Amino acid sequence: MNRRTFLQAAGTGLVTASVTTAATTAAASPRQRAPFRLKYAPHFGMFANHASALVDQLQFAADQGFTAWEDNGMPGRDEATQRQLAAKMQQLGMTMGVFVASADFGKATFAAGDAGHRERVLAEIEAACDLAARIDARWCTVVPGTFDHRLDPGFQTANVIDLLRRCCDVIARKQSDLVMVLEPLNRRDHPGLFLTGIPQAFAICTAVDNPHCKILDDLYHQQISEGNLIPNLDRAFAHIAYFQVGDNPGRNEPGTGEINYRRVFEHLHGKGYDGVVGMEHGNARPGKEGELALIAAYRDADAW
């Protein structure tokens with residue numbers, strides 16, 4: 001499942017829709033399952049067969065023990081919906097994960113050093129600060145656009161660092177505690193992008209040297225790009241503020257591919273990581289049975 005599919009899925013469902021599902025029963029009852037050890041964050045559409053309305057999807061997830069949530073498409077929702085979802089998460093004690101603040105898959109938005117691109121990105125970060133305050137979010141995703149084949153990589157890296165520093169200045173001026181998390185994406189699924197690996201992101205964050213600029217380590221992408229997951233996350237851990245997961249191949253829930261997520265989650269827990277682990281993947285099986293199988297897969301991976 002690619003990022004555009006995630007964004008489309010994020011926009012499905014009406015907040016005010018009524019449902020006659022297991023979620024409506026669970027909404028009036030105590031949590032059915034103990035909270036997971038880590039803050040695994042599903043997204044809208046992942047449990048749509050159990051609940052259609054967005055608030056009911058949040059309720060269903062909380063009843064299963066999930067304590068966080070992601071919504072890449074939150075900036076595209078109207079303000080009333082944003083506030084309603086934030087209020088529901090607060091009621092459930094759920095942590096809001098990332099939303100996408102700036103991501104361009106067709107232009108060298110950061111690397112080219114173009115003044116027009118720069119002003120657009122700074123405006124996006126301004127808007128992200130306002131949204132974060134509205135929905136009580138601490139992280140937003142930044143994908144720094146494509147590689148510019150007409151410009152030396154050294155100049156491109158300098159341009160990226162300069163613009164990220166300007167973004168940090170915007171966040172500081174807005175008096176926000178928002179953290180931009182830079183997401184490296186693998187070359188196979190997303191050819192042509194500037195940021196493609198954790199070591200590269202680590203070097204950039206070291207150069208930016210600002211607590212508002214950190215790394216989103218999506219272990220699905222890292223498995224394809226670099227592998228060696230635990231040693232690499234250890235080396236970059238000082239600049240990692242957020243994790244996402246998906247098994248490879250297939251980009252579905254843990255246990256459907258080659259990654260030993262039980263060991264990875266145990267390692268994160270042992271390091272004292274208390275941030276969000278975004279479930280940015282699909283369901284391996286359709287329907288309610290597939291959704292229950294996904295929950296069971298996380299219970300298994302969370303058991304150490």
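In this simple spin-label model, placing a label point 7 Å from the Cα along the Cα-to-Cβ direction at both residue 119 and residue 172 gives a separation of 2.4 nm. I'd like the trypsin sites (Lys or Arg not before Pro) in segment 155-245 restricted to DSSP loop residues with at most 11 other Cβ atoms within 10 Å, sorted by number. Filter output for segment 155-245: 188.
Proximity of backbone amide H atoms, modeled 1.01 Å from N, is registered between residue 248 and 257, 258, 259 at under 5 Å, excluding neighbours fewer than 5 places apart on the same chain.
Where does segment 95-221 land on the Kirkwood hydrodynamic radius, alpha-carbon pairs, in angstrom? Hydrodynamic radius (Kirkwood, Cα pairs) of segment 95-221 is 14.4 Å.
Using only Cα atoms, locate the centre of segment 189-203 and the centre of segment 86-155, then give the distance between them in Å, rounded to an integer. With segment 189-203 and segment 86-155 each reduced to a Cα centre, they are spaced 16 Å. Set against the 2.2 N^0.38 Å expectation for a compact globular protein, segment 43-117 has a Cα radius of gyration ratio of 1.39.
Among the listed pairs 107/214; 107/271; 39/107; 174/271, those whose Cα-Cα separation exceeds 30 Å are 107/271; 39/107; 174/271. Based on C-alpha pairs under 8 angstrom that are at least 6 apart in sequence, the chain has a relative contact order of 17 percent.
A straight chain from residue 234 to residue 78 at 0.36 nm per residue would run longer than the Cα-Cα distance by 52.2 nm.
Bear in mind that the values in this text are calculations on the coordinates, not laboratory data. Keep in mind it's a predicted model, so treat the numbers as computed, not measured. Cβ sites come from the backbone with ideal geometry, for glycine too, and all protein chains shown count toward neighbours.
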